[in-house]
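Heads up, the thing below is written out as structure tokens.
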Amino acid sequence: MRRIWGFLMEVYWLEQFEADVPAENDWLNASEAVRLNAMPFAKRRADWRLGRWAAKRALSIFLGLPAHPHVFREMEIRSAPSGAPEVYFGHQPAAITISLSHRAGVAACAVTMPGVDLGCDLELVEPRSDAFLADYFTTEEQSFVAEAEPADRSRFLALLWSAKESALKAMYQGLRLDARDVIVSISDAAFDFPGWSPIQVRHINGRFFCGWWQHADSIVRTLVAEPPPNPPIRFQVPDYVLDPTSLCT
């Protein structure tokens, strides 16, 4: 396994669905509840709640804390000026790096140690226009999609776009940068990592990220990081504790 700084560079992954999110908001802290109530559109509120729920579930597992409303209210996922999510616990910054994505009723949260540039993304495999391909992809990437079998075209296009999104998140820039300046390479080397395949992404300014991708259930998942990560480790989700008195034992 690849070693970084004398440690294993592990990244953990959790997905949650809309049906997993409680109907009540007692797991949000006061600031998050205010932000949620200020959102005028139902879909935006649902997506935001799903992302926060996935993040707090992942953080509780990563930190070894009970999955409980009282604990979740101590957590806050704030947006940095760049838009990247930042973790606060008890109103203090937490030494944790996370990345979030949501698509089609699914949210993913990637979690790792501090000091890592990390980005993850979910994309639905669906038809996209030739104009989309021309506007956001390099000549080489366009050729890669054009040469693919017709059945693979939508999947490869979703993969390339998702990898770009992950890298732009890891750079704390998002789509403020030109997506054509982010160049994706898909390795054809054989790796014995079930479910995940390697990718590399570089920006024309010299930034370089290694990562992984997976396609399942009509969704492409990508994750990139610097330092290079091992394949994501999926969290096992414990039961959510609804009764506040259950912590008082």
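The values are calculated or read from the model by the stated rules, or taken from the named source; none is laboratory data. Keep in mind that this is a model prediction, so the values were computed, not measured. Virtual Cβ from ideal backbone geometry, glycine too; neighbours counted across all protein chains shown. Only protein heavy atoms, including side chains, enter the accessible area calculation; ligands, DNA and RNA are left aside. Shrake-Rupley method; radii C 1.70, N 1.55, O 1.52, S 1.80 Å.
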Practice prompt. Determine the share of segment 37-160's accessible area contributed by carbon and sulfur atoms, expressed in whole percent, with a 1.4 angstrom probe.
Written response: 54 percent
Fill in: Gain upon complete extension [ASP130, TYR88; 0.36 nm per residue less C-alpha separation]
10.9 nm
Response to the item:
Relative contact order as a percentage, the chain, C-alpha pairs under 8 Å and 6+ apart, gives 22 percent
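Using the Cβ atoms and a cut-off under 10 Å, what net charge is assigned to the surroundings of LEU36, where Lys and Arg are +1 and Asp and Glu are -1?
Combined, the nearby Lys, Arg, Asp and Glu give +4.
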Worksheet item: Under 5 Å between amide H atoms, partner at least 5 residues away or on a different chain: which partners does ALA104 have, H built in plane at 1.01 Å?
Response: none
Discussion item. Using 0.36 nm times the number of residues separating GLU10 and ALA95, minus their current alpha carbon distance, what extension gain do you get?
Written reply: 29.1 nm
Worksheet item: In whole Hz, what ³J(HN,Hα) sequence does segment 195-211 give by Karplus (6.51, -1.76, 1.60; θ = phi - 60°), x for Gly and Pro?
Response: x, 10, 10, x, 9, 9, 9, 10, 9, 5, 7, x, 5, 9, 10, 9, x
Worksheet item: How much length is gained if the chain between ASN37 and ASN25 is pulled fully straight, taking 0.36 nm per residue apart and subtracting their Cα-Cα distance, in nm to one decimal?
Response: 3.3 nm
Practice prompt. Could you state the angle between the C-alpha long axis of helix 42-63 and the longest principal axis of the C-alpha atoms of the chain, as a value from 0 to 90 degrees rounded to the nearest 10?
Written response: 80 degrees
Discussion item. Whole percent per 10 Å bin, from 0 to the bin with the longest distance: what is P(r) over all C-alpha pairs of the chain?
Written reply: 7, 31, 35, 20, 7, 1, 0
Worksheet entry | Nearest-ten-degree value, helix 150-170 long axis tilted from longest Cα axis of the chain | 60 degrees
Worksheet entry | Share of carbon and sulfur in the accessible heavy-atom surface of segment 162-235 [1.4 Å probe, %] | 51 percent
Worksheet item: How many Å² of accessible area per residue for the chain, probe 1.4 Å?
Response: 49 Å²
Item to complete: For segment 55-185, calculate the relative contact order in percent as a whole number, restricting contacts to Cα pairs under 8 Å that are 6 or more residues apart.
Response: 19 percent
Discussion item. Strictly greater than 22 Å: what percent of every Cα pair in segment 1-139 meets that?
Written reply: 43 percent
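Rounded to whole Å and sorted largest first, what semi-axes of the equivalent ellipsoid does the C-alpha gyration tensor of segment 35-113 yield via the square root of 5 times each eigenvalue?
Details: eigenvalues 78, 37, 36 Å².
Rounded to whole Å, the semi-axes are 20, 14, 13.
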Discussion item. Debye calculation, C-alpha points only, no solvent: report log10 I(q)/I(0) for segment 148-189 at q = 0.21 Å⁻¹, in the same order as the q values.
Written reply: -0.70
Worksheet item: Points 7 angstrom from Cα along the Cβ direction at ALA148 and PHE208: gap in nanometres?
Response: 2.5 nm
